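Beneath this line is the structure, given in structure tokens, with notes to follow.
Just so it is clear, none of the values below were taken in a lab; they were calculated from the coordinates. What you are looking at is a predicted structure, and each value in this text was computed from that prediction instead of being measured. Cβ atoms come from the backbone with ideal geometry, glycine included; neighbour counts cover every protein chain shown.
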């Protein structure tokens, strides 16, 4: 849209060729029809017959991403990239307040690169991430420390990391609609019902997140996964979902050009009883058939329906060095825990 103004205002999707391709992303005009990232292309066209499809250009995306990250690094050395278009910034050591930094960064991205951006500011990474979605597109929102308790009390549980449609339904059945409702439930009760994830829910519902911004987060694998609104059963159904994830994974590997750094593959399965199994194989090819074989082994371990499916590749340690250089990161300890999430 930036490079071709004639595309502005029309439903636009980025996807590979072929009926089995998936949308890597789409604009807001397409989202109005119910289209979204990772949706099979044929389904997107069913919802939006006038959808204009364009093949992805990862080389361009990587170049623009690097330009944006150079701007980030002028304000703080504490930058943790999450993807091509998203990163956490710890700006607590900067003498300028976070709100002004976010505004200035967004203005520079618009002026120097020609793109709009959104930002969220909060006392920790989780809250910054939630805030970054608050005023999209092209806006920003801040959650102050003294506002956290009141903000979390009213926040729908669906906004919490890891809470998908199915988990939301389970929580609603328990009378839990907001984080305030969840705060009335003990951690032991949440753990009893949701396993290890229950402990995370307990802390997240109170706005707690102890993770620091990690400029040199070592990447040991690249993976994609999907939580399903309706549980899936049987190898045939699961294999169709895996095909779509396989294409997404190939997109990730293509734009990072790291096929030769893969040391093995794995498939992750979370079942309806919240148990998780992972099947891996070192030195295996990255073929679809290899992933199918791992999927078959994983499914045989549990007879329950599947709620989440993921697949990925393990990386040799040498790739981590090249990724860190690509991100242009410098390690420097942070003084406080204020985080700015830019998306």
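Residue 243 to residue 146: FRET efficiency via 1/(1 + (r/R0)^6), r the Cβ-Cβ distance, R0 56 Å, to the nearest 0.05?
0.70
What is the order of 237, 167, fewest Cβ neighbours within 10 Å to most?
Fewest to most other Cβ atoms nearby, the residues stand as 237, 167.
Given the range 66-220, what percent of its DSSP beta bridges are antiparallel, to the nearest 5?
Counting DSSP beta bridges with both partners in the range 66-220, the antiparallel share is about 60 percent.
For the chain, take the convex hull of the Cα atoms, compute a quarter of its surface area, and give me that in nm², please.
Taking the Cα atoms of the chain, their convex hull projects to 18.0 nm² on average.
So what is the calculated 222 nm ellipticity per residue for the chain, using -39500 (n - 2.57) for each DSSP H run with n of 4 or more, over all residues, to the nearest 500 deg cm²/dmol?
Computed ellipticity for the chain at 222 nm equals -11000 deg cm²/dmol.
Please report 134, 161 as a ranked list, fewest other C-beta atoms within 10 angstrom at the top and most at the bottom.
Going from least to most buried by this count: 161, 134.
With both partners inside the chain, how many of the DSSP beta bridges are antiparallel, as a percent to the nearest 5?
Looking only at bridges with both residues in the chain, the antiparallel portion is about 85 percent.
Which whole number of Å³ per residue matches the convex hull of the alpha-carbon atoms in the range 5-54?
Dividing the Cα hull volume of the range 5-54 by its residues yields 62 Å³.
Within a 10 angstrom radius of the beta carbon, how do 51, 82, 171 rank from fewest other beta carbons to most?
So the residues, fewest neighbours to most, are 82, 51, 171.
Please work out the Cα center distance from the range 91-153 to the range 184-232, rounded to the nearest Å.
22
Work out how much length residue 212 to residue 285 would gain on full extension: take 0.36 nm times their residue separation and subtract the Cα-Cα distance, in nm to one decimal.
Stretched out fully, the residue 212 to residue 285 stretch lengthens by 22.7 nm.
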